1. Kindly state which helices (runs of 4 or more DSSP H) lie completely within the stretch A:61-147 and contain at least 2 residues that are closer than 29 Å to A:THR207 by Cα.
2. Please enumerate the residues belonging to the stretch B:183-206 that are over 21 Å from B:LYS140 (Cα atoms), within 14 Å of another protein chain (Cβ to nearest Cβ) and in contact with a strand residue (DSSP E or B) (Cβ under 7 Å, 6 or more places away or on another chain).
3. In this structure, does B:GLY123 turn out to be facing chain A (nearest Cβ under 7 Å) and outside any strand (DSSP E or B)?
4. Of the conditions (1) part of a helix (DSSP H, G or I); (2) over 17 Å from the mean Cα position of the chain (by Cα), A:LYS50 fails just one. Which one is it?
5. Being at pLDDT 85 or above and part of a loop (DSSP other than H, G, I, E, B) is the filter here, so list the residues in the stretch B:262-283 that pass it.
6. Can you name every residue in the stretch A:255-303 that is crowded, with 17+ Cβ neighbours inside 10 Å and aromatic (Phe, Trp, Tyr)?
7. Only one of these is out of contact with any helix residue (DSSP H, G or I) (no Cβ under 8 Å at 6 or more places or on another chain) and within 14 Å of chain B (Cβ to nearest Cβ): A:ALA173, A:ALA121, A:ALA140, A:ALA131. Name it.
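The values are calculated or read from the model by the stated rules, or taken from the named source; none is laboratory data. These figures come from a predicted structure and were not determined experimentally. Here the Cβ positions follow ideal geometry from the backbone for every residue, glycine too, while neighbour counts run over all protein chains shown.
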Amino acid sequence: MTASGSGGSIYDLGYRGYEGPRLGRGAAVAALLTHSVRTAYGLGRSARSKVMPVGLVLLAVLPSLLALGIIALVAQIGPAGEAIEAISPIRYSTLFPFIAVLVFLFSASQAPELFGRDQRAGVLPLYFSRATSRLDYAGARTLGLLVSLLVLVLSPQLLLLVGRVLVAADPVAGLAEELPELPALLVVGLLVVTLVGTVSSATAALTPRRSYATVAIIGIFLIPNIASALLVELETGLLGQMAVLLSPADVLDGVNAYFFGVSPDNQTVAQAGLPGWSYPVAAGAWIIGSLAVLARRYQRIEA
Amino acid sequence: MSLVSLDRLTKRYPGGVMALDALTVAIEPGVVGLVGANGAGKSTLIKILLGLLEASGGSARVFDLDVATQGLAIRQRVGYMPEHDCLPVDISASEFVNHMARMSGLPRANARERTSDVLRHVGLFEERYRPMGGYSTGMKQRVKLAQALVHDPRLLLLDEPTNGLDPAGRDEMLELIRRTGTEFGIAIVMASHLLGEIERVCDFLVAIDAGRLLRAAALGTFTQKTGILLVDVDESPQELATRLAADGLSVRVDGHHLLVQIRDDATFDAVRDAAVDLGLGLVRLEPRRGSLEDLFRDAEGDAVSPAHGQAA
């Protein structure tokens with residue numbers, strides 16, 4: 001530590017004040033948002049914490065890669081191939097139901113990382129005593145989860161879109177052909193992400209225990225799904241049909257079918273026969289309810 | 001303008017526990033000790049100042065800003081070191097302190113520079129890149145102090161900063177706090193139930209007991225000379241006491257000590273001469289200072305005698 005013989009400490013520059021800029025609340029919220037996305041993908045943490053999120057994204061793009069492979073092959077065959085392509089099960093309108101389970105798993109594994117860790121380690125008092133408020137914190141963490149989920153949900157769709165355009169004989173014409181699909185794709189993607197993300201955030205925020213939160217989130221997407229199937233099957237009338245709206249997984253399937261104008265992937269949703277618009281409305285109700293639970297939790301949580 | 005001013009600040013927890021009971025006090029910049037037994041209301045007061053808790057009544061102002069309505073503005077320039085564990089185990093000190101700097105609104109590059117500065121200030125070098133789960137209590141306390149300092153606050157609120165430290169670690173932490181307060185001009189309010197720590201670090205003291213103000217004053221006024229001479233001899237203090245009383249001095253025996261009222265310089269000579277005459281070895285001859293413990297004894301209404309050992 002000391003310079004030879006002189007006794008003067010050369011490394012001890014002492015404490016220096018800070019005269020630089022203080023960007024305040026907005027910058028702090030933005031920093032927490034970025035931090036949340038990084039945390040959800042395990043960036044800046046051990047390799048083990050990257051396995052789950054990155055693995056799920058890879059699994060999610062697999063169907064798109066498969067579909068692109070088929071399309072490329074078909075293009076070689078010529079007109080006969082177009083018939084084959086027409087019956088390909090992987091297209092924009094079927095992709096989400098295809099990867100829904102991956103989205104639930106991602107949310108169930110990463111939401112507890114974002115919300116439970118800080119509670120477990122006792123970090124909340126440090127956040128709440130800085131430039132942010134309690135609701136800023138909850139909002140930034142939730143938004144962080146939504147952005148992370150958006151990457152997972154839109155990657156396969158965008159990959160499929162870009163691939164189809166590139167494989168097309170005339171890319172410009174190909175782009176013109178694919179673009180009309182974009183609005184539905186984005187609206188469904190955003191609704192899926194927002195519903196899954198807010199429901200998971202509200203659930204994860206309620207407990208510091210990661211395993212409880214993970215099980216609870218999976219339960220919310222799975223159990224009502226089974227219950228509604230039973231109720232609809234028993235044909236208990238309108239009340240029974242409404243049960244599908246209490247199942248977030250069914251609501252999402254309904255949303256997908258409504259915006260893409262296809263029939264629902266899930267038999268229960270098809271059988272319930274509710275008007276298409278009821279699904280986006282139900283999704284909105286789920287999102288608002290989850291945000292209310294989340295806000296209440298963070299206004300009251302002890303720090 | 002006071003740094004912190006409380007006006008009949010009251011906190012009643014659900015269930016009826018009175019943590020703060022109409023506490024009124026003004027705290028000026030400096031190194032201020034907030035002392036009281038466990039449960040006296042120290043942590044409650046700090047949390048109200050930070051906006052982590054809401055007061056039930058009265059008001060509190062920091063930097064002349066109202067805690068209830070201007071919390072965000074206050075918190076941008078306050079650093080807080082909580083009593084309990086607050087560090088995630090799986091990330092490094094460097095990354096954590098940097099994140100906390102960003103959370104205080106510092107731009108990316110500045111946050112990195114401040115993190116490096118402040119970790120060096122608290123004496124954390126190579127270890128800063130390792131996950132904090134493997135840190136000793138002493139290292140964790142340093143990181144907790146570093147995250148409170150990283151945005152260069154005007155006021156530092158420390159809640160039992162030596163909690164869980166061994167004697168050597170405690171000495172280092174107290175020295176670090178003293179330097180931070182006196183050399184770098186950051187105002188400090190430090191809560192502790194250990195009077196000895198407060199005596200070593202602080203220059204102003206606020207004593208609270210059961211949520212009420214016991215006393216607030218500069219530390220010097222608690223430890224002024226008391227006009228009492230403390231005398232230790234190697235044997236028979238009673239004999240010396242009798243002799244000094246015969247010389248017309250006011251003497252009291254307290255265990256092995258003699259407590260002699262100092263009249264003037266001649267009192268010292270009288271004690272020395274008496275000891276020589278009786279053939280007693282004079283072990284200690286020392287003007288007795290008041291101690292902070294007397295303050296609490298007085299408050300409890302016990303024997304009002306400045307006769308017991310000094311504060312540790």
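1. Of the helices (runs of 4 or more DSSP H) lying wholly inside the stretch A:61-147, those with at least 2 residues that are closer than 29 Å to A:THR207 by Cα span A:92-121, A:124-128.
2. Listed by number, the residues that qualify are B:ILE186, B:ALA187.
3. When the stated conditions are applied, B:GLY123 does not pass them.
4. (2)
5. B:GLY279, B:LEU280, B:GLY281 - these are the residues of the stretch B:262-283 that are at pLDDT 85 or above and part of a loop (DSSP other than H, G, I, E, B).
6. A:TYR258, A:PHE259, A:PHE260, A:TYR279, A:TRP286, A:TYR298
7. Being out of contact with any helix residue (DSSP H, G or I) (no Cβ under 8 Å at 6 or more places or on another chain) and within 14 Å of chain B (Cβ to nearest Cβ) holds for just one of A:ALA173, A:ALA121, A:ALA140, A:ALA131, which is A:ALA121.
Here is a yes/no grid of residues against (1) assigned to a helix (DSSP H, G or I); (2) modelled with pLDDT of 85 or more; (3) within 30 Å of B:ALA40 (Cα to Cα):
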site: B:LEU156; (1), (2), (3): no, yes, yes
site: B:MET173; (1), (2), (3): yes, yes, yes
site: B:ILE188; (1), (2), (3): no, yes, yes
site: B:GLY196; (1), (2), (3): yes, no, yes
site: B:ILE228; (1), (2), (3): no, no, no
site: B:VAL260; (1), (2), (3): no, yes, no
